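In what follows, a structure is listed as structure tokens, so that the remarks can point back to it.
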Amino acid sequence: MNGRTVLERFPAGGPRGSWPAEEFAQARRLEGQMAEVVMDLTSDAFLVVVRDLDLTE
């Protein structure tokens with residue numbers, strides 16, 4: 001997925017919307033990971049992702 005690793009998926013149709021994904025991402029950021037939430041329109045889900053490090057740069 002374009003140099004990203006999916007840590008967790010949350011259904012977009014859940015009653016709390018993106019909040020569970022945002023809370024999960026925040027917990028990962030507190031652990032030192034650069035987690036972010038993106039929307040996958042194809043699967044109708046919020047994804048918590050981290051960018052893969054490119055060690056060749």
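For segment 4-51, what log10 I(q)/I(0) values come out of the Debye formula at q = 0.14 1/Å, with one point per alpha carbon and no solvent?
The Debye formula, applied to the Cα set alone, gives -0.28.
For the chain, calculate the relative contact order in percent as a whole number, restricting contacts to Cα pairs under 8 Å that are 6 or more residues apart.
Over the chain, the number comes to 44 percent.
Out of residues 5 or more away from residue 4 or on other chains, whose amide H comes under 5 Å of its own, with H placed 1.01 Å from N in the peptide plane?
Counting only residues 5 or more places away or on other chains, the set is 52.
Each reported figure results from applying straightforward, stated rules to the coordinates on display, with no laboratory input. From a predicted model like this one, the values you see are computed outputs, not experimental measurements.
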